[in-house]
Amino acid sequence: MARKTILYLITQSELGGAQTYCLDLANGLKNEFNVFIAAGGKGALALKSELSGVKYYEIPHLKREISPFNDFLAILEIIKLIKKIRPNIIHLNSSKISILGSIATFIIKSQLSKVNCQLSIVYTAHGWVFNEPQSAWKKLFYKYAEKFTAQFKDKIICVSEFDYKTALAEKICQEEKLAMVHNGITTINFLSRQESREKLNLPENKFIIGSIGNLYKTKGFRYLIEATKKLVEEGLEILTVIIGEGQERKYLTELIKNNKLENNIILAGRIPEAAELLSAFDIYVCSSVKEGLSYTIIETMLNGLPIIATRVGGNPELIEDGRNGLLINSQDPDDLTEKIKKLMNNINLQQELSTQARIKAQEEFGLKKMLEETKKLYF
């Protein structure tokens, strides 16, 4: 029997949770399927795909923001790519490609059936985009675009129970079209605390709060900066390190400068394999205002760091408050400040949360489980 072909489509090529998800699926299934990845731009995803032996295609006009001109051209580019590859399964990832990819496949599906090429469309919602902080018209646009294009999809995967319930509440599609599959990760080669701090050029004797994520509004880093300011004003010796890059850099840099926090907060930029450096931190903070199911939180759980995370998206499915981490209210720097102090002052609590987090990560969020459950949905 001829091997089936899977085309993974995603909006952006800069590395984040959704891109990691595509890479893990492609690498995990490349011995059973012909796999390809395509995205807008040639960022880290392109490099990592090629290094792992997965063919990568650039979709030049595929952009994150709404742009009728670029979006029309991107649809044409996707159609051209589908005709070239002739996949049996197209797996869409992220909201923008969900819409454009669905339109492209609807246009081309009838043509492919004439040449005996059956095409199934799978979509993974890595957190619904209409839950992001954005204008009301954008929220409405994305919500109804998801509803409209859902009719062209054969299966919609939610990475958290929260997203699954949201899809039902918003009537995105019929329940039988939905599935819930948690993200899973493989073993990570964590560096030691000393090695990690040396690589990041961090002092050995400071209490360090860490966070990893693209510098987007959805990551809520402004609230982590505000909490850091409050802690510094109380006389606590701390250093906050944020690893990541993105469009909010200028705003966050000015916020740090205006609050005279240059000696207390480091925007470290994008660092390859950042998860390997998690041991550099004393605690990890996820300050997001919107999440699907955070890869970085799962990685941090596996590392065994104490975690503080906002009560959004799939975070409460990862963190059981008081058992394997602490949950806080979203967009609430006061709550974050108090929880950081609570952890700083209680070594026993840190150790208990760390132990339980590592156990849960190992038992519930393995890559093999994600691969098997996703593969079943393909058929």
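Listed here are the residues, each with its yes/no results for (1) within 20 Å of residue 191 (Cα to Cα); (2) surrounded by 11 or more Cβ atoms within 10 Å (Cβ to Cβ); (3) touching a Gly at 6+ places or on another chain (Cβ under 9 Å).
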| position | (1), (2), (3) |
| --- | --- |
| 236 | no, yes, no |
| 244 | yes, yes, yes |
| 249 | no, yes, yes |
| 253 | no, yes, no |
| 260 | no, no, no |
| 264 | no, yes, no |
| 267 | no, yes, yes |
| 270 | yes, yes, yes |
| 277 | yes, yes, yes |
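If residue 367 satisfies every condition in (1) touching a Ser or Thr at 6+ places or on another chain (Cβ under 7 Å); (2) surrounded by fewer than 17 Cβ atoms within 10 Å (Cβ to Cβ); (3) free of Cβ contacts under 8 Å to residues at least 40 places away in the same chain but one, which is the exception?
Against the list (1) touching a Ser or Thr at 6+ places or on another chain (Cβ under 7 Å); (2) surrounded by fewer than 17 Cβ atoms within 10 Å (Cβ to Cβ); (3) free of Cβ contacts under 8 Å to residues at least 40 places away in the same chain, residue 367 comes up short only on (3).
Just the residues that are at pLDDT 95 or above and either charged (D, E, K, R) or farther than 28 Å from residue 135 by Cβ (or both), please, taken from the stretch 212-234.
Residues satisfying the conditions are 219, 222, 226, 228, 229, 230, 231, 232, 233, 234.
Here are some residues: 162, 69. Which one is surrounded by 18 or more Cβ atoms within 10 Å (Cβ to Cβ) and either β-branched (Val, Ile, Thr) or not in a loop (DSSP other than H, G, I, E, B) (or both)? Spell out the reasoning first.
On the way: 69 fails: surrounded by 18 or more Cβ atoms within 10 Å (Cβ to Cβ).
Matching residue, one of 162, 69: 162.
Anything in the stretch 53-65 that is on the phi < 0 side of the Ramachandran plot and either surrounded by fewer than 14 Cβ atoms within 10 Å (Cβ to Cβ) or outside any loop (DSSP other than H, G, I, E, B) (or both)? List them, or say none.
The answer is 55, 56, 57, 58, 60, 65.
Being assigned to a helix (DSSP H, G or I), in contact with a helix residue (DSSP H, G or I) (Cβ under 6 Å, 6 or more places away or on another chain) and under 22 Å from residue 13 (Cα atoms) is the filter here, so list the residues in the stretch 278-297 that pass it.
Keep residues of the stretch 278-297 that are assigned to a helix (DSSP H, G or I), which gives 278-280, 295-297.
The next check asks that each one be in contact with a helix residue (DSSP H, G or I) (Cβ under 6 Å, 6 or more places away or on another chain); those that pass are 278-280, 295, 297.
Once the filter is applied, which keeps residues that are assigned to a helix (DSSP H, G or I), in contact with a helix residue (DSSP H, G or I) (Cβ under 6 Å, 6 or more places away or on another chain) and under 22 Å from residue 13 (Cα atoms), the stretch 278-297 yields 295, 297.
Which of (1) in contact with a helix residue (DSSP H, G or I) (Cβ under 9 Å, 6 or more places away or on another chain); (2) closer than 30 Å to residue 90 by Cβ; (3) of a type in the set (Lys, Arg) is the odd one out, the single condition residue 219 does not satisfy?
Checking residue 219 against (1) in contact with a helix residue (DSSP H, G or I) (Cβ under 9 Å, 6 or more places away or on another chain); (2) closer than 30 Å to residue 90 by Cβ; (3) of a type in the set (Lys, Arg), the one that fails is (1).
The values are calculated or read from the model by the stated rules, or taken from the named source; none is laboratory data. No experiment lies behind these values; they were computed from the predicted model shown. All Cβ positions, even for glycine, are placed from backbone atoms using ideal geometry, and neighbour counts span all protein chains on display.
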